[in-house]
Structure formats: structure tokens, C-alpha cells
1. State whether the residues of the stretch 31-38 include one that is of a type in the set (D, E, K, R) and in contact with a Phe, Trp or Tyr (Cβ under 9 Å, 6 or more places away or on another chain).
2. Is it the case that the stretch 102-116 has a residue that's at pLDDT 95 or above and within 16 Å of ligand 2 (Cβ to nearest atom)?
3. How many residues does the stretch 8-30 hold that are closer than 12 Å to SER77 by Cα and either in contact with a Ser or Thr (Cβ under 9 Å, 6 or more places away or on another chain) or buried (at least 18 other Cβ atoms within 10 Å of the Cβ) (or both)?
4. For the stretch 1-30, enumerate the residues that are closer than 14 Å to VAL94 by Cα, in contact with a Phe, Trp or Tyr (Cβ under 7 Å, 6 or more places away or on another chain) and of a type outside the set (A, V, I, L, M).
5. Within the stretch 77-91, track down each residue that is away from ligand 2 (no atom under 14 Å from the Cβ) and either open to solvent by less than 70 Å² (accessible area, probe 1.4 Å) or in a strand (DSSP E or B) (or both).
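The values are calculated or read from the model by the stated rules, or taken from the named source; none is laboratory data. If you're wondering where the values come from, they're calculated on a predicted model, not measured in any experiment. Reconstructed Cβ throughout: ideal geometry from the backbone, glycine too, with neighbour counts over all protein chains shown. Just so you know, the surface numbers come from the protein's heavy atoms only, side chains and all, with ligands and any DNA or RNA stripped out. Shrake-Rupley method; radii C 1.70, N 1.55, O 1.52, S 1.80 Å.
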Amino acid sequence: MKSLPYFCRGEVVRGFGRGSKELGIPTANFPDSVVEHLPSDVNTGIYYGWACVGHGDVHKMVMSIGWNPYYKNSKKSMETHVIHTFKEDFYGEVLSVVMVGYIRPERSFDSLDALISAINSDIEEAKLKLDQPEFLKLKTDNFFSSSSHSPSAATTAENSIINGH
Ligand code: ADP
Ligand code: MG
């Protein structure tokens with residue numbers, strides 16, 4: 001995929017309450033403005049990369065890009081599971097991510113257990129891949145230390161500029 005690595009950030013919004021948290025795998029949702037800027041070659045499926053909340057530490061992440069049922073599957077959604085245990089929810093904070101690589105396409109599962117074990121193996125794959133030097137260096141990219149982490153500064157215009165850096 002030509003567009004990777006892909007940098008973006010946006011305010012964390014409420015999802016559709018599909019109970020990801022109850023599965024032990026909460027996913028932070030980006031607003032439509034961020035999703036709409038995704039380059040067209042970024043297909044639906046599972047990605048891995050780096051993420052940071054506000055000015056916090058940079059953690060490994062897995063992201064699901066899927067078809068958004070709220071819009072009758074005509075729009076994409078981007079949901080990030082940060083591989084870190086947070087003390088509190090962070091709705092309204094700015095989530096900054098860099099998508100680094102692709103793991104697998106979207107698929108449906110016969111059972112909740114099958115879904116959970118697939119996600120857990122995605123997480124293990126992400127952890128291993130991100131330890132490679134070429135991916136590890138993105139963890140310290142200036143993108144994560146730049147000042148524009150307030151919700152008002154995380155504008156859509158900025159998202160498109162960031163990627164040209
Ligand atoms: P929603 O349907 O609103 O997205 P989820 O059950 O998917 O609800 O939970 C997502 C929320 O959980 C995030 O918006 C964030 O505030 C919180 N959260 C706590 N820990 C994490 C984490 N490790 N990764 C992603 N989100 C987390
Ligand atoms: Mg979610």
C-alpha cells in the first residue's frame with residue numbers, strides 16, 4: 001500500500017456501543033472527518049502501528065477499518081485498540097496514530113470466541129512486527145511530539161498536511 005505509513009489524528013468519539021470493552025478489547029473511534037481523509041488505496045481490514053493519547057506515551061496499536069453500519073455500510077469507520085491498559089476512558093481526547101502495516105482483511109466469525117482469538121493473534125502479530133527497526137523508528141517520529149494535540153487543533157486540514165511531511 002503506497003499510502004503507508006499513514007499519519008493522522010482526531011478527537012476520540014463514541015462508537016456504536018458494540019461492546020468491544022466487554023470483550024476486553026476497547027476500540028477508540030475516530031470522527032468521520034478523519035475517516036473521510038483516508039487515501040483510497042487504504043482498504044478495509046486490520047492494521048498495526050503506533051498510537052498516543054493526548055501528550056501521553058506512544059504505544060503499539062491495532063486498528064480495524066471497516067464498513068460503518070450506522071451509514072448502511074456506505075462509509076468506513078476507523079477503530080483503534082491501543083495495546084496498553086489505561087486507568088480511564090479518553091473520550092474527547094486527541095488520538096494520534098501512524099498506521100504502519102496491514103495484517104489481514106475483514107472477515108466474519110462463527111463465534112465470539114473465534115473473534116476474540118483472532119484479535120488476540122492480531123495483537124501478537126502487531127507486537128512482533130513493530131519491534132523491527134524500520135517500524136520502531138516511527139515510534140519516535142516528530143509527529144507524536146508536535147504541539148497540535150488539543151481537540152481544536154486536530155483539524156481535518158492538518159491531517160492532510162501531516163502526511164506530506
Ligand atoms: P465505543 O463503542 O464508544 O467505541 P468501546 O467499548 O469500543 O466503546 O470502548 C472504547 C473506549 O474505551 C475508547 O473511546 C476509550 O475512551 C476507552 N479505552 C480505554 N482503554 C482503551 C484502549 N486500550 N484502547 C482503546 N480505547 C480504550
Ligand atoms: Mg469502539
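1. Yes, there is a match, as at least one residue in the stretch 31-38 is of a type in the set (D, E, K, R) and in contact with a Phe, Trp or Tyr (Cβ under 9 Å, 6 or more places away or on another chain).
2. No.
3. The total comes to 6.
4. Selection gives PHE7, GLY10, ARG14.
5. Hit for the stretch 77-91 is ILE83, nothing else.
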